[in-house]
1. Could you please let me know if residue 356 is in a loop (DSSP other than H, G, I, E, B) and either β-branched (Val, Ile, Thr) or modelled with pLDDT of 50 or more (or both)?
2. Select from the stretch 157-212 the residues that are among the β-branched types (Val, Ile, Thr) and under 22 Å from residue 130 (Cα atoms) and list them in ascending order.
3. Does residue 117 satisfy the condition of being touching a Gly at 6+ places or on another chain (Cβ under 7 Å) and in a loop (DSSP other than H, G, I, E, B)?
4. Does residue 92 satisfy the criteria of being among the basic types (Lys, Arg) and at pLDDT below 95?
5. Counting just the residues of the stretch 95-123 that are surrounded by 21 or more Cβ atoms within 10 Å (Cβ to Cβ) and among the β-branched types (Val, Ile, Thr), which one comes out nearest to the chain's Cα centre (by Cα)?
6. Within the stretch 101-118, is there a residue that is within 18 Å of residue 224 (Cα to Cα) and modelled with pLDDT of 95 or more?
7. Considering 98, 62, which residue is of a type in the set (Gly, Ala, Ser), at pLDDT 90 or above, outside any helix (DSSP H, G or I) and under 19 Å from residue 19 (Cβ atoms)?
8. Would you point out the residue of the stretch 170-212, among those that are aliphatic (A, V, I, L, M) and surrounded by 15 or more Cβ atoms within 10 Å (Cβ to Cβ), that is nearest to the chain's Cα centre (by Cα)?
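The values are calculated or read from the model by the stated rules, or taken from the named source; none is laboratory data. Computed from a predicted model, the values in this text were never measured in an experiment. Cβ sites come from the backbone with ideal geometry, for glycine too, and all protein chains shown count toward neighbours.
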Amino acid sequence: GRGIAPFTPDPNTLVLIDGQDIYSTIKKSQQNGKIPRFRRVRGGSELYTSDTVMDNPQFVKATTLRHEEPHQDKIYYFFREDNPDKSPEAPRNISRVAQLCKEDKGGTSSLSASKWTTFLKATLICVDPATKGNFNWLQDVFIVPADDWRHSKVYGLFTNTWGSSAVCVYSFGDIDAVFRTSRLKGYHGPNPEIKPGQCVPSGQHTPSETFKIADSHPEVEERVEPLARGPLFHNQHRYRKIGVHRVAAAGGRGYNVLYLATGTGGTREGDHSPVLCGSQSDHSPCSLPQAVLYVGSAGRVLELPMAMCRTYRSNCHSCLLARDPYCGWANGSCLPLALNRCVGTLPPIFPPNFYPPPAHPSPFPPLHPADDFRNISVLPFSRYYLNCSIESRYATYTWYHEDALVRSCNSSHAQRGCFHFIPSVGRQHYGHYVCVSEEDGFRQALVKERLLDRLGLLSRRGGAGAIPAVSWSLLVMVVAVVVAELFH
């Protein structure tokens, strides 16, 4: 329909449906010009935003919010626009949230009769207080509603010019307070009886004086700060989409699970698409909804289970220490919570200090040549890396050589693996190596390797005279390199 579907493909479009009301940023006619507007196209009189209240807006998301009094119901939409500050050090774009009253009837004059008269906008701040890094480019928004509208949350996904991303969380209570209490930027005159942005009782119109002030000074001075005054998290990946799924883990505790999508087809799950959250169910005796993740691209749509419990090691500690609110331990397996509720009673999922450390931790058990060690033959004087993949940022990873600690990596370790590098393998380096992870008092061996002297193996097999010529030439080359480095 007109104003609901674009005439040509356009990424800068937004359609919000709320009961019988439809709001849109799509032009009703190809002759409407190039200035984007936020319109009410169905339900109530048709209204649009003034052409001067936004500067080249790029729309991100819109939502409605019910208040205790119906005439106070609001529309909020999130967008980016060109920064009015043109100084070289200022960011090119600025992220905003705008408010409108759902019961807005337009103005009383011929110039304002078809315009929103309750429009106000505020700046969204997402700054890391530790590094002062500013994430000013709003990419996506996900709304998590609550019974009390003040506690409804806005999860905003931001990026910056260096390609890093951050998620900042705002409450609608804070957003509403900014619009109600802040002064208008650049306006120093007296406030009229009906303040700019104030919702009036049903059937009434915003006074012309109030509209003129708001139309010429649409921005409020105070900025919207995130909860905890900083990002929920940030990293060096560039994400484009965010989804949030509320899940109740074992023990009844609720978690907000974040799903982040990159522009290259990757997704990442984290506690607290194209991505959409959906559910499926079957008709088995224990028919429980199973959450699934839909990841779409230009060519296809994939359906992925949110509970990927089989990826964790097949023991209770690893299952629970994964801190995955979708998974729990039951009947000797790491299973999705929905299935676990059918098969038995679950232990709580990762409460604080789930596995308290023992009062007197025992040393790592003595190591013996065993079948579960991976034998690696290495030439003398060569370089060798031992790698232990980091599976949990809460664990400490330690490399042991014959019961002696040789390398440790803690939660601040930035790499994906805990590496132990041997620059030149000597006789003292051969033997058994074990990488042990320790978390909340639980220890497990992740990697077991036994380094063997390749030349010694060849000698034992056929005697020194039986060593192939290629092995002798390789040894001569290694020794020559070592001697050359010494004399250099």
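1. On the way: in a loop (DSSP other than H, G, I, E, B): yes; either β-branched (Val, Ile, Thr) or modelled with pLDDT of 50 or more (or both): no.
No: the conditions fail for residue 356.
2. First, the residues of the stretch 157-212 that are among the β-branched types (Val, Ile, Thr): 159, 161, 167, 169, 175, 178, 181, 194, 200, 206, 210.
If the condition is that a residue be among the β-branched types (Val, Ile, Thr) and under 22 Å from residue 130 (Cα atoms), then 159, 161, 167, 169 are the ones that fit.
3. On the way: touching a Gly at 6+ places or on another chain (Cβ under 7 Å): yes; in a loop (DSSP other than H, G, I, E, B): yes.
Here the answer is yes, as residue 117 does meet what is asked.
4. Values: among the basic types (Lys, Arg): yes; at pLDDT below 95: yes.
Taking the combined requirement at face value, the residue satisfies it.
5. 97
6. If we filter the stretch 101-118 for residues that are within 18 Å of residue 224 (Cα to Cα), which is where we start, we get none.
No, because not a single residue in the stretch 101-118 is within 18 Å of residue 224 (Cα to Cα) and modelled with pLDDT of 95 or more.
7. Working: 98 fails: under 19 Å from residue 19 (Cβ atoms).
Of the residues listed, the single one that is of a type in the set (Gly, Ala, Ser), at pLDDT 90 or above, outside any helix (DSSP H, G or I) and under 19 Å from residue 19 (Cβ atoms) is 62.
8. Looking at the filtered set, the residue picked out is 175.
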